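The values are calculated or read from the model by the stated rules, or taken from the named source; none is laboratory data. Just so it is clear, the model here is predicted, and its values are computed rather than measured. In this analysis, Cβ positions are derived from the backbone assuming ideal geometry, glycine residues included, and neighbour counts consider all displayed protein chains.
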């Protein structure tokens with residue numbers, strides 16, 4: 001029996017699921033599942049399509065949609081070409097009235113004009129921050145850990161590491177320091193974590209190395225005290241560590257308490 005079906009603009013047939021074609025991610029069963037999910041998002045008002053011809057660029061962009069989605073003003077959307085997803089625009093909804101969408105685009109990929117738009121909430125946004133930022137940076141809706149956001153979840157990658165050098169007798173991990181830091185214990189030392197600002201939670205990764213002697217032991221403090229600290233796994237045997245041994249120390253710091261994890265890297 002032969003058959004054809006069109007789902008979310010893609011046409012499939014019996015040939016799409018016969019033999020090895022069944023496993024083809026672009027045209028086989030995986031593609032059918034993806035198309036069904038896309039069609040479902042349109043039915044639920046999460047996604048839309050548009051044939052409005054627009055040049056890829058930042059700034060104000062107006063789309064006439066083929067559906068009437070249930071988005072809200074201010075939400076972040078990604079509009080990409082159905083034929084070439086590398087061509088896209090990401091921005092916030094300035095206004096939405098029925099099928100009329102105005103988007104303020106702040107991020108783009110590719111170039112040229114596109115008229116086969118698929119528009120939905122983003123799954124990945126790349127934002128590179130360079131130089132020194134002053135004042136407030138409003139990153140509402142993004143999970144920020146570092147200066148580069150990977151194309152549209154808002155998750156940060158390519159983490160910069162702040163090299164703190166030798167610890168000395170005490171190393172303070174303060175609010176002004178990076179979320180990822182490295183240090184070398186050149187003697188038994190105190191690693192003192194400052195509390196997070198009121199109502200906030202900060203995650204810190206400290207890469208702690210033994211010096212050329214090894215066996216150095218840190219004392220973990222929170223706000224200059226060895227209290228309100230919960231160690232979530234087994235503490236390394238510091239005195240048994242060889243020279244140059246690296247231990248990852250991860251801390252989840254709040255205003256009045258801290259949780260900490262250790263991982264000795266072999």
Given (1) surrounded by 14 or more Cβ atoms within 10 Å (Cβ to Cβ); (2) at pLDDT below 90; (3) outside the structural domain of residue 12 (by TED's automatic domain parsing), number of the condition residue 61 does not satisfy = (2)
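Going by the conditions given, is residue 100 more than 30 Å from residue 5 (Cβ to Cβ), outside the structural domain of residue 21 (by TED's automatic domain parsing) and at pLDDT 90 or above?
So residue 100 fits the description; yes.
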message = If residue 39 satisfies all but one of (1) outside the structural domain of residue 112 (by TED's automatic domain parsing); (2) modelled with pLDDT of 70 or more; (3) surrounded by 13 or more Cβ atoms within 10 Å (Cβ to Cβ); (4) not in a strand (DSSP E or B), what's the number of the condition it fails?
response = (2)
note = Considering segment 213-237, residues that are in a strand (DSSP E or B) and surrounded by 13 or more Cβ atoms within 10 Å (Cβ to Cβ), and then whichever is farthest from the chain's Cα centre (by Cα), we arrive at 218
request  = Test residue 15 against the stated conditions and say whether it is modelled with pLDDT of 80 or more, over 15 Å from residue 118 (Cβ atoms) and either part of a loop (DSSP other than H, G, I, E, B) or assigned by TED's automatic domain parsing to the domain that holds residue 116 (or both).
outcome  = no
key: Flag if residue 79 is exposed (fewer than 13 other Cβ atoms within 10 Å of the Cβ) and modelled with pLDDT of 85 or more   = no
request  = For segment 95-118, name all the residues that are touching a strand residue (DSSP E or B) at 6+ places or on another chain (Cβ under 9 Å) and under 17 Å from residue 70 (Cβ atoms).
outcome  = 95, 96, 98, 99, 100, 101, 102, 103, 118
query = Just one of the numbered conditions (1) in a strand (DSSP E or B); (2) under 19 Å from residue 57 (Cβ atoms) is not true of residue 85; which one?
reply = (1)
query = Limited to segment 164-212, what total is found for residues that are assigned to a strand (DSSP E or B) and under 22 Å from residue 261 (Cβ atoms)?
reply = 25
